[in-house]
Amino acid sequence: MTKRIYIGLLGLLGLFASCSEHNPNCKKLEKIHKLEKQYLESHKCEVGKVNLYVENTGSMDGYVNGNTEFKTDLFNIVKLLGEKDPVNKFFINADTTIQTNLSDYEFSNGMSVGVFQSRGGNRESSNIAELLERIIQKADSTGISIFVSDCVFDPQNDPDIEKCLGQQKTTIQIALKRKLEKDSNFGVIVYRLMSSFTGFYYNKVKPHTYLTNTQRPYYMWIFGDANKLRKVRDLLGKDVERRVGKNIAVAMNTIETLPYYSPSAKCNKARGKHIDEPNEVKGTFSFWVKVDFKTIPLDDAYLMDVTNYDLPKNSGYIIEKVMKCKKEDSKYTHKIKITKNIGNVKNNLNSATL
């Protein structure tokens, strides 16, 4: 689900490639700066309202039995994402979605099996795909929605478990597809976290197993505008994401343009190019492109890994390195070094579209 980044060499990221900031005589520069300003205004990274849904079916009881990492993670979410406006808190199960006025502490560190039971609804079984579908449908571009669950599949006595799993997968895919048709900038982040667990683990078939102080996984689905998801990752980074490690998936739609410039760019209307190789080069020809990745919900480790980039086939160039920009380049977050492939360097970059 993670995103590969594609770089078109001479038409790099569309119209923003047309001129260099260092070339004020370029006739297109004023138009480019206007478009860049519009882009930045429309991609402000405020999180907005946060709706947090916690599944309260029986299989979740073990995560709130005693002092657990699950409770700590919930506390960090409501505090880190609720600094400006309080987080809207909900319990969700097959029958109902119930908003609660519990305090941040009561909804996290103070959570218990008794609290889960008191909120009612169907605690016997749940259809994870249907719960996700409900949350996805309600999500909008003004904020983000978070679903916390063990995502334990319940076949409900259906002997064809694999068929049921396939149906669940299809339901989730259709829900996401319909949302993207209405909101092309919709995205999702999924964290896989571990927590202490004391309670019944619901096997695919009965009997269920009682576990005591065992580490069990649970999942955090974060839905919303892709621009807001990067901000969410920044806010949760130190306290939640550090526990996730590599257990994260990011999915978003294709990004068509990003603000950037190249110090080497020139207006060469006759040749229709913006970056020309000189006739004589000492060593290997290369150039840098600075780009703004602030609105992409991927961390620096991913963005600075050259294997996550691709150039057009037969371009004759490779991505040599990606580095973070210095603080004085406040409009740009990273710079990409593109180098002429001299033949003895194999381009193993992954193919995809930005």
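Only the coordinates and a few stated rules stand behind these numbers; no lab work does. Keep in mind the model is a prediction, meaning the values are calculated, not measured. Cβ sites come from the backbone with ideal geometry, for glycine too, and all protein chains shown count toward neighbours.
The HN-Hα couplings worked out from phi for segment 104-121 by the Karplus form 6.51 cos²θ - 1.76 cosθ + 1.60 (θ = phi - 60°) are 4, 5, 5, 8, 10, 5, x, 5, 8, 4, x, 5, 4, 5, 5, 7, x, x Hz, whole numbers, x standing for Gly and Pro.
With neighbour counts taken as other beta-carbon atoms within 10 Å, the residues Ser195, Ser141 rank, fewest first, as Ser141, Ser195.
Between amide H atoms placed 1.01 Å from N, distances below 5 Å from Tyr201 occur with Thr209, Tyr210, Leu211, all of them 5 or more places distant or on a separate chain. Panel note: the C-alpha atoms of segment 138-197, placed on their principal axes, show extents of 40, 32, 15 Å (largest first). The local environment of Gly245, defined by Cβ-Cβ distances under 13 Å, has a net charge of +2 under the rule Lys, Arg +1 and Asp, Glu -1.
Residue order for Trp221, Trp288, fewest other beta carbons within 10 angstrom first, comes to Trp288, Trp221. For segment 49-252, the average shadow cast by the Cα convex hull is 10.9 nm², which is a quarter of the hull's surface.
Remark on Cys325: its backbone amide H falls under 5 Å from those of His334, Lys335, a criterion applied only to residues 5 or more positions apart or on other chains, H modelled at 1.01 Å from N.
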